[in-house]
């Protein structure tokens, strides 16, 4: 509140404040100091527009003002107040004088009554009096080091409270501080009481003997009875002073409530800003840590790749060294043999016995010729070159490193628009559905992912089947002969956007599948458009079908195309994550029947049950009946049920499966009509 109680000219608490027509306040003494004389024919507004400061005053044209008006008889030219406003000696107050508000720079001409024509702000005087009195009761000297003494004096320019010793020591009454105004706190309190008493007897500024009794609505000022009878307010709209006091007090209270709400919001906003400051600091530390971790991960990846590349270089070097060493050994042996043969031939040539020479010459000539043929063209050339046939292309990586930068994201985000399902790329195969979508409209809101939803195939509630960043998804394990409604939506940190239009996908009426090369063991060999399977290993390997069943009754047959050395292949169903390098049924993810040329067993989780006589040969058919309505699995050989119901209480998603080794070849017969079964699908 201090700033509201200080004069804009002298910077001290108001003393005898008057109200200017612009509603701003100013000390009466300060008002006398800034009165200027307006030249003839020039309005005070033009004068004010020429300059907003008071430096334009010509000191030669300034003269002493009337003692009867102001009570002062001397001046100091071109003073400057502590508040930064230039103060000039006052001019005589007459009708060519004007005063300019130091805050809004609005000028107004003085009337014949001079400054007495402006009303005194007695309410402000009372508030200042209470303010000074409250402060004088509790204020201590601000310069005492120990044992703070009560302040007895205040410098209004320095805005410092002094006790008597500190005032004499730190604020002497001579030198540059001599012009400061020292106010005794006791006198301020006494003056406040006098001002309060004066406030109770507020009289009209034009009629000293009359109290304010009415309020002029046009002039927005209190007036007395004589102002209405003979003054300038005679034709104005006036109202009772008490009624207007209550009305304006209510308006001020209402406006104050609004300001109070704004102040409350401002306090909450400051708390929010402080919390934001802390969050920014915390997020900055966290972001730096993430950045360091990301860069360290890149460095680690580069080091791992460097190790791999060095391993390749080492292998290449070792290979070249081995080839050269082997060639050196081979060439050394042949050279030793050739040298020995040459030395022997030279010794033979030294002999003079013709018969003895002819006995061995023919064989010796052939041996020399054979030795010569060993040194054919290329035999004396290195098999490898010293250069390495490797070249590391690091330019793309260097460009990527140089382009490594932050992505500038604009806040706040909005939810992304609805995706559009690409009907030409959507479709079904057996009981699998493939859906594709994209965003057609341009959006600056980032998309963090998509949510794909399908109903239950009977018009029931939707459920999430995929959440991720891909725009293509295949859903397996649906019901056959069912219609599914599908929709998709995009989401980001601001929330999820609207759903796309719904697309209807119908699964196949009858199951049809081939063997799946993507999930089979690497020793499995597929042919005949993936309908025939064999194996390159003597160990049993598992291959799965491309269809998955979760509901209904399903039957399929497998034909034995080749059967050698009496192996025991296994047939049945499995989960998608079944172990593929052992016989089907060895783990808990498969339910199977394994059979040889004489007998069979049912097997699940490596448990063998229900041995049955009768086996398979080349040309036999093995049928599998999966009844998910009754939750059972049965087996057939050559269209005759083999053994009892093999497994019960089956529930979930199952895939056709076979395990076999290199002695067996099997083909799938998906569409063969079986006379022993009446197929139906739900």
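The values are calculated or read from the model by the stated rules, or taken from the named source; none is laboratory data. In this text, all values refer to a predicted model and were calculated from it rather than measured experimentally. Cβ placement follows ideal geometry from the backbone for every residue including glycine, while neighbour counts extend to all protein chains displayed.
Computed values, structure above
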read-out	value
Count - residues of the range 204-224 that are farther than 21 Å from residue 248 by Cα and either in contact with a strand residue (DSSP E or B) (Cβ under 9 Å, 6 or more places away or on another chain) or surrounded by 15 or more Cβ atoms within 10 Å (Cβ to Cβ) (or both)	5
Residue within the range 168-180 that is surrounded by 13 or more Cβ atoms within 10 Å (Cβ to Cβ), at pLDDT 80 or above and not in a loop (DSSP other than H, G, I, E, B) present	yes
Residues within the range 368-398 that are part of a helix (DSSP H, G or I) and under 60 Å from the mean Cα position of the chain (by Cα), tallied	4
First in the range 104-127 and surrounded by 15 or more Cβ atoms within 10 Å (Cβ to Cβ), second anywhere and at pLDDT 80 or above and assigned to a helix (DSSP H, G or I), Cβ under 6 Å, 6 or more apart	115/31
Checking residue 309 against (1) in a helix (DSSP H, G or I); (2) without any contact (Cβ under 8 Å) to a residue 60 or more places away in the chain, the condition it does not meet	(2)
Condition met for residue 498 (surrounded by fewer than 16 Cβ atoms within 10 Å (Cβ to Cβ) and within 30 Å of residue 582 (Cβ to Cβ))	no
Residue match in the range 607-620 (condition: under 19 Å from residue 542 (Cα atoms) and surrounded by fewer than 20 Cβ atoms within 10 Å (Cβ to Cβ))	yes
Lone unmet requirement of (1) buried (at least 19 other Cβ atoms within 10 Å of the Cβ); (2) over 30 Å from residue 414 (Cβ atoms) for residue 562	(1)
Some residue of the range 252-272 being under 30 Å from residue 208 (Cα atoms) and at pLDDT below 85	yes
Test: residue 595 is without any contact (Cβ under 8 Å) to a residue 60 or more places away in the chain and buried (at least 22 other Cβ atoms within 10 Å of the Cβ)	yes
Residue list for the range 498-542, restricted to those being within 17 Å of residue 485 (Cα to Cα), in a loop (DSSP other than H, G, I, E, B) and modelled with pLDDT of 90 or more	498, 499, 500, 501, 502
In the range 621-634, the residues that are crowded, with 16+ Cβ neighbours inside 10 Å and in a loop (DSSP other than H, G, I, E, B)	628
Which listed residue, of 323, 365, is assigned by TED's automatic domain parsing to the domain that holds residue 313, in a helix (DSSP H, G or I) and within 60 Å of the chain's Cα centre (by Cα)	323
Residue match in the range 210-224 (condition: assigned to a helix (DSSP H, G or I) and modelled with pLDDT under 85)	no
Checklist (1) outside the structural domain of residue 450 (by TED's automatic domain parsing); (2) within 30 Å of residue 446 (Cα to Cα) applied to residue 492, failing item	(1)
The listed residue being without any contact (Cβ under 8 Å) to a residue 60 or more places away in the chain, surrounded by 17 or more Cβ atoms within 10 Å (Cβ to Cβ) and closer than 28 Å to residue 575 by Cβ, out of 454, 435	454
Failed condition for residue 470, given (1) surrounded by 17 or more Cβ atoms within 10 Å (Cβ to Cβ); (2) at pLDDT 90 or above; (3) in a loop (DSSP other than H, G, I, E, B)	(1)
Residue 264 being over 27 Å from the mean Cα position of the chain (by Cα) and closer than 22 Å to residue 404 by Cβ	no
Candidate set from the range 16-44 (those that are in contact with a strand residue (DSSP E or B) (Cβ under 7 Å, 6 or more places away or on another chain), crowded, with 22+ Cβ neighbours inside 10 Å and assigned to a helix (DSSP H, G or I)); member that is modelled with the lowest pLDDT	33
Given (1) touching a residue at least 60 places away in the same chain (Cβ under 8 Å); (2) assigned to a loop (DSSP other than H, G, I, E, B); (3) within 25 Å of residue 479 (Cα to Cα), index of the condition residue 557 fails	(2)
